[in-house]
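Note sheet for the following structure.
The values are calculated or read from the model by the stated rules, or taken from the named source; none is laboratory data. Since the model is a prediction, treat every value here as computed from it, not as a measurement. Reconstructed Cβ throughout: ideal geometry from the backbone, glycine too, with neighbour counts over all protein chains shown.
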Amino acid sequence: MAEKAQFTADEERSVREAYARDGHADCPRCAVRMHERAIGGGSFGLGYARQREWLLCPQCKRSVLFDLKRGTRN
Ligand SMILES: [Zn+2]
């Protein structure tokens, strides 16, 4: 299997925090703006619009996937 580049847990958390705070995030390794991609709900046949965001670094190809939980921010 090919090696799959991944962020460390700390890097991933910093990306999530930056995105939650600023609405965008930079790759902690490359310092370039990460591409955002919304993933629509319903793909798992749940009949429930669960919105997910996928952030991808165009340089190192590392990505962060996470759920956007509406109305549950604290
Ligand atoms: Zn990167």
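For residues that are polar (S, T, N, Q) and modelled with pLDDT of 90 or more, scanning just region 36-66, find the one that is nearest to Ala18 (Cα to Cα). Reasoning before the result, please.
From region 36-66, those polar (S, T, N, Q) are 43, 51, 59, 63; that's our starting set.
Now narrow it down to the ones that are modelled with pLDDT of 90 or more: 59, 63.
Values: Gln59: 18, Ser63: 14 Å.
For region 36-66, the residue satisfying everything is Ser63.
How many of the residues in region 11-35 are closer than 16 Å to Lys61 by Cα and of a type in the set (Gly, Ala, Ser)?
Restricting attention to region 11-35, the residues satisfying the condition of being closer than 16 Å to Lys61 by Cα are 11-12, 15, 25-35.
Narrowing the set further to residues that are of a type in the set (Gly, Ala, Ser) leaves 25, 31.
Qualifying residue count, region 11-35: 2.
Write out, first by first residue and then by second, each pair whose Cβ atoms fall under 6 Å of each other, whose residues are 6+ apart or on separate chains, and whose first residue, in region 17-36, is over 14 Å from Arg52 (Cα atoms) while the second is more than 14 Å from the ligand (Cβ to nearest atom) and not aliphatic (A, V, I, L, M).
Pairs that qualify, where the first residue is over 14 Å from Arg52 (Cα atoms) and the partner is more than 14 Å from the ligand (Cβ to nearest atom) and not aliphatic (A, V, I, L, M), are Ala25/Tyr19.
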